[in-house]
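Participant: Below you will find the structure I want to go over with you.
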Amino acid sequence: IVQGIECNGWGKPKAYHVYRNHPGEINVYTGLALQLLPIDAQYINHLALRDRISQRRGVSVFASVMTRLDDVKDYEESERIAAKIAASMTAYIKRSAPEMYPEGVHFSPDDPARQLKFQPGMIFDDLGIGEDIGLFDSNRPNTNLVGYRTGQLRAIAAGTAANYSTISRDYDGSYSSQRQELVEGWTNYQVLQDEFISAFVQPVWERFVAMAIIGGLIKVPLDIDPLSINDALFIPPSMPWIDPKKESDANVAAERAGYLSGPEIIRRRGNNPHEVLEQEVRWRKKMTEKGLISSADPANDTQPQTAQTAVDNTDAAPAAHRKR
């Protein structure tokens, strides 16, 4: 048993030993939090990012930047306290050296403190001989805080393979820069999506199908390979586009070229193709009954054909039609 995971001679997990209670709820008299319960490995989906064979536990993606995150928090806290202190200190009374005062005039540390209530347009007319007003220059709030925090967040984004804009909620920049950042960051998201599907979604689906067959809810036809019953196409969320119009135009072009199917495009948008189709049929039927024209129906497209549209239609036409 290593780090709570019991393995066989080949290193395959057999059981996971878990606490019966949360370790923070330990009872010094009964020691309930120290009691372990072994659970068979087939009932545990252990999500972890492992880098080597026989590695038991994964390493958090925040491991390399945890210290930097803590530094950002401490720096912001220090600047916040410094700004509050600077706001509390306004001015002080500055006095000359003792030899500058007339004979018989002196000040003692035991003299009662005076309070000067600041207000707009006020005049200091109660200053003593040799006294002057000094103002604090605290340089707070610190103008370098934003630049320091931005640099640290960029390093954190690089260390966690996440997008800087997503972490900082800072979406300044041109369309090209935002798009480039999204494309590079989405590659790392795809890796995590594949890891999650293989470690969690697919095992749950396979067990669900197996239990449905055992329970008699699914009758497998004789001409179907039983091993292919649980085959499924897992489509994770697709990379979002910054410009929805460009995304729609790209989907239309990809479907016409045969690179993507209509159902796959709909699934990537998080919808069910069959439900979308049924809804569209009912909606167009209702619009026809009301005497309305749907702009989604190509037959009702009355826009004039431009030269560019004609060229696009020629390029999209079948090869046999172009030869004719």
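Participant: Show me the helices (runs of 4 or more DSSP H) entirely contained within segment 235-324 in which 1 or more residues are at pLDDT below 85 and aliphatic (A, V, I, L, M).
Facilitator: Hits in segment 235-324: 307-316, 319-323.
Participant: For Pro226, state whether it is open to solvent by 60 Å² or more (accessible area, probe 1.4 Å) and closer than 30 Å to Pro203 by Cβ.
Facilitator: yes
Participant: Right, another one. Quick check on segment 244-255. Is at least one of its residues under 29 Å from Val209 (Cα atoms) and of a type in the set (S, T, N, Q)?
Facilitator: no
Participant: So which pairs qualify, if the first residue must be in segment 35-61 and of a type in the set (Ser, Thr, Tyr), the second must be open to solvent by less than 80 Å² (accessible area, probe 1.4 Å), the Cβ gap must be under 6 Å, and the two must be at least 6 apart or on different chains?
Facilitator: That search, which allows pairs on different chains as well, returns Ser54/Gly11.
Participant: Out of the strands (runs of 3 or more DSSP E) lying entirely within segment 1-117, which hold 2 or more residues that are at pLDDT 85 or above?
Facilitator: It comes to 5-7, 13-19, 36-40.
Participant: Of all residues in segment 157-176, which are at pLDDT below 80 and of a type in the set (Gly, Ala, Ser)?
Facilitator: Gly173, Ser174, Ser176 - these are the residues of segment 157-176 that are at pLDDT below 80 and of a type in the set (Gly, Ala, Ser).
Participant: Would you mind stating whether Val59 is closer than 30 Å to Ala162 by Cβ, β-branched (Val, Ile, Thr) and open to solvent by 70 Å² or more (accessible area, probe 1.4 Å)?
Facilitator: The answer is yes for Val59.
Participant: While we're here: Which of the residues belonging to segment 137-166 are within 12 Å of the chain's Cα centre (by Cα) and either within 17 Å of Ser60 (Cα to Cα) or crowded, with 16+ Cβ neighbours inside 10 Å (or both)?
Facilitator: Result: Ala157, Thr160, Ala161, Ala162, Asn163, Tyr164, Ser165.
Participant: When the residues of segment 264-288 are narrowed to those that are closer than 29 Å to Ser176 by Cα and not polar (S, T, N, Q), which ends up surrounded by the fewest Cβ atoms within 10 Å (Cβ to Cβ)?
Facilitator: Result: Gly270.
Participant: Now for a different question. Which residue pairs have Cβ atoms under 8 Å apart, sit 6 or more places apart or on different chains, and have a first residue in segment 137-148 that is at positive phi and a second that is aromatic (Phe, Trp, Tyr)?
Facilitator: Close Cβ pairs (under 8 Å, with a partner that is aromatic (Phe, Trp, Tyr)) do not exist here.
Participant: If you don't mind, there's one more thing I want to ask. Within segment 230-268, count every residue that is under 23 Å from the mean Cα position of the chain (by Cα) and of a type in the set (Lys, Arg).
Facilitator: So the count comes out to 2.
Participant: List every residue pair whose Cβ atoms lie under 8 Å apart, where the two residues are 6 or more positions apart in sequence or sit on different chains, the first residue falls within segment 208-221 and is part of a helix (DSSP H, G or I), and the second residue, located anywhere, is of a type outside the set (Lys, Arg) and open to solvent by 60 Å² or more (accessible area, probe 1.4 Å).
Facilitator: Val209/Ile218; Ala212/Ile218
Participant: Answer yes or no as to whether Ser176 is under 25 Å from the mean Cα position of the chain (by Cα) and of a type in the set (Gly, Ala, Ser).
Facilitator: Yes, satisfied.
Participant: Hey, can you tell me all the residues within segment 203-216 that are exposed (fewer than 13 other Cβ atoms within 10 Å of the Cβ) and not small (Gly, Ala, Ser)?
Facilitator: Across segment 203-216, the qualifying residues are Val204, Phe208, Met211, Ile214.
Participant: How many residues does segment 190-202 hold that are touching a residue at least 60 places away in the same chain (Cβ under 8 Å) and either within 18 Å of the chain's Cα centre (by Cα) or surrounded by 14 or more Cβ atoms within 10 Å (Cβ to Cβ) (or both)?
Facilitator: Final tally of qualifying residues: 3.
Participant: Would segment 153-173 turn up any residue that is among the charged types (D, E, K, R), more than 28 Å from Ala48 (Cβ to Cβ) and in a helix (DSSP H, G or I)?
Facilitator: No, because not a single residue in segment 153-173 is among the charged types (D, E, K, R), more than 28 Å from Ala48 (Cβ to Cβ) and in a helix (DSSP H, G or I).
The values are calculated or read from the model by the stated rules, or taken from the named source; none is laboratory data. Please read all numbers here as calculations on a predicted model, not as lab measurements. Please note: Cβ atoms are built from the backbone with ideal geometry, for glycine as well, and neighbour counts cover all protein chains shown. What goes into the accessible areas is simple: the full protein's heavy atoms, side chains included, and nothing from ligands, DNA or RNA. Shrake-Rupley method; radii C 1.70, N 1.55, O 1.52, S 1.80 Å.
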